[in-house]
Structures are given as C-alpha cells and as structure tokens.
Amino acid sequence: MSLTLSGRPLSSAPPPTVNYRLDAPKHRLLFDPFPRRVRAMFAGQTVLDTTRGMLLHESNLLPQLYVPREDVNTNLLRATDHTTHCPFKGDAAYWSLVAEQRTADNAVWAYPEPTDAAAWLRGYLAPYWAPMDAWFDEDEEVQGHLRDPYHRVDARPTSRRVEVLAGDEVIAATRRAVVLSETGLPNRFYVPWDSVRAEMLELSATHTVCPYKGTASYRGLHTQRGFVPDAAFFYPEPNDGVRPIGGLLCFLADGIETRVDGEAVPR
C-alpha cells in the first residue's frame, strides 16, 4: 500500500517533490520478498506454507502474495475453465480449492506464461485472501491482508486542541487526544470518550478489520442536524504497535469535521 497508492513511487502519479525521474511505465510492478513465514488454512487443511513468499506491489492496488508452486498443497487444487487477462502480467489460469466436502471456486490463480516484463511470475501461485479460513504470519493469526513491510503506523499523544464538529455544533473538545499517522493516509485524531456526551452516541453493529490496527467497533452520532450512522469508530483491543488509541474515538463521516488548533484536518 505504501508504495503503490496515494502518490507513492509505484503509483500511476508519483509525487512531484523528487529530484529524479522514473524511467518506467505508468503502471508499475515490483516483486519483492515477504520477510516471514506465511500459512493459509482451508477446511482444516494447509493450503500453503512458505518462507519464500513474494509480494507483488502493483500501481493503485494493495500488495498481493505470490507463493512458489512447491510450497502449495496442489492436492487441494482443481483446475477450472475460468481465465482473466491482465495487460501487464498476461493471461491468468485459475484453480478451485476442494477439501472436506467444501469448495472455494477460483480461489487461486497463476500466470503460466506471463508477459516478458513480468517473467518472474512464472512458477508462482496467488491465493485470494477471503476463501481461506485462517492466515498466519509466523504464528500470529492475521485478518484483512498481510501487513505491507513498507507500511508504518504510529500513535502519539498530543496536547494540541482537538475539536470535532457537526456544522457549528461541538461534538468533542480535548487536549488529551492521540494522533495516529499511517502511511498514505491523513492523520487521524482519536479523542477520549468523556469528551463526548454519552447520549449523543448510539451502538452500531458495524465492525471492520485493519491488519495494522485491529478490529474496530462503531458508534452512530445524534446531532442537531440529525442522526449520522457509524460516525465514529474505536479499537477496543488495538494491535501492539498502536496501543495508545485503545478505546479512544475517531470521528470520520460526511458532515463531521475534525479541527486541530483551529485548522481543519483533511479526510
């Protein structure tokens, strides 16, 4: 993500603030080793177990894991007639996963004859994330996708004045916020619950998963203008690297603005 999106070096529109020029096509590929052991499970079977995984960093896309064919349990694969074409990589062939009376259609693909510009893809298989029952980075189970080695997340306490507003209505005001800086994204400011009136918040059933931060829960917000669903989110048990945001609220929704020392924070 940190190399391929939002004006990064491998995106289609790299940043102008450089003293070099990339002699490269607008759509860029980088095949780079993933530094740790990766495993994926399906129906109680190990689909892949590798210390030789590679991440394909591709312009405007999240990195994709590719695994040497030798590190995949091909006994679980059944070839299908499905094919797709990528102008940058070639024609892809697909396999379904079949195990314990379960089938995941077209769950794995490969480029048997990749383009010359991506010849290094030959001999690798690429799995979709969602069909698997579990993924492991070393012995830690991970959700969402593998963590990009080039992606960084930092959480720091700040005494700057942070305000959250819905129009002219002040939703929260504090000097005890935590600022979270994440590669490729604007800063997000997390505020204490006691800076928001409890009656303004409403329980939500929504949950999302971030591989860098953890599983987020949501709250709706009652404002003078009306109800805003899923206006705020928080991480009850954040991942180790971002413990300071634990239990704090971050507001991010249409009609909601965060200001720091009077300046609006980009969304």
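The values are calculated or read from the model by the stated rules, or taken from the named source; none is laboratory data. Just so it is clear, the model here is predicted, and its values are computed rather than measured. Methodologically, a virtual Cβ is constructed for each residue, glycine included, from the backbone with ideal geometry; neighbour enumeration extends over all protein chains shown.
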**Complete:** Among residues of the stretch 186-202 being over 18 Å from Arg259 (Cβ atoms) and modelled with pLDDT under 95, the residue surrounded by the most Cβ atoms within 10 Å (Cβ to Cβ) is Arg197
**Request:** Output yes when any residue across the stretch 12-24 is over 18 Å from Met132 (Cα atoms), touching a residue at least 24 places away in the same chain (Cβ under 8 Å) and not assigned by TED's automatic domain parsing to the domain that holds Asp105, and no when none is.
**Result:** yes
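Of Asp81, Asp49, which residue is within 26 Å of His151 (Cβ to Cβ), of a type in the set (Asp, Glu) and at pLDDT 95 or above?
Within the list Asp81, Asp49, the selection yields Asp49.
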**Message:** For the stretch 220-256, give me each residue that is farther than 20 Å from Val179 by Cβ and touching a residue at least 24 places away in the same chain (Cβ under 8 Å).
**Reply:** Leu221, Thr223, Gln224, Arg225, Phe227, Val228, Pro229, Asp230, Asp254, Gly255
**Complete:** Restricting attention to the stretch 185-219, the residues that are among the β-branched types (Val, Ile, Thr) and in contact (Cβ under 8 Å) with a residue 60 or more places away in the chain number exactly 3
**Request:** Answer with yes or no whether Phe42 is among the hydrophobic types (A, V, I, L, M, F, W, C) and either touching a Lys or Arg at 6+ places or on another chain (Cβ under 6 Å) or surrounded by fewer than 19 Cβ atoms within 10 Å (Cβ to Cβ) (or both).
**Result:** no
**Prompt:** Say we look at the stretch 204-213 and pick out the residues that are within 12 Å of Phe234 (Cα to Cα) and of a type in the set (A, V, I, L, M, F, W, C); which of these is surrounded by the fewest Cβ atoms within 10 Å (Cβ to Cβ)?
**Reply:** Val209
**Hits in the stretch 97-118 (condition: among the polar types (S, T, N, Q) and in contact with a helix residue (DSSP H, G or I) (Cβ under 9 Å, 6 or more places away or on another chain))** = Thr115
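Yes/no per residue for (1) surrounded by 12 or more Cβ atoms within 10 Å (Cβ to Cβ); (2) in a strand (DSSP E or B); (3) at pLDDT 95 or above; (4) outside the structural domain of Ala253 (by TED's automatic domain parsing):
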site: Val98; (1), (2), (3), (4): yes, yes, yes, yes
site: Thr103; (1), (2), (3), (4): yes, yes, yes, yes
site: Pro114; (1), (2), (3), (4): yes, no, yes, yes
site: Ala118; (1), (2), (3), (4): yes, no, yes, yes
site: Trp129; (1), (2), (3), (4): yes, no, yes, yes
site: Leu165; (1), (2), (3), (4): yes, yes, yes, no
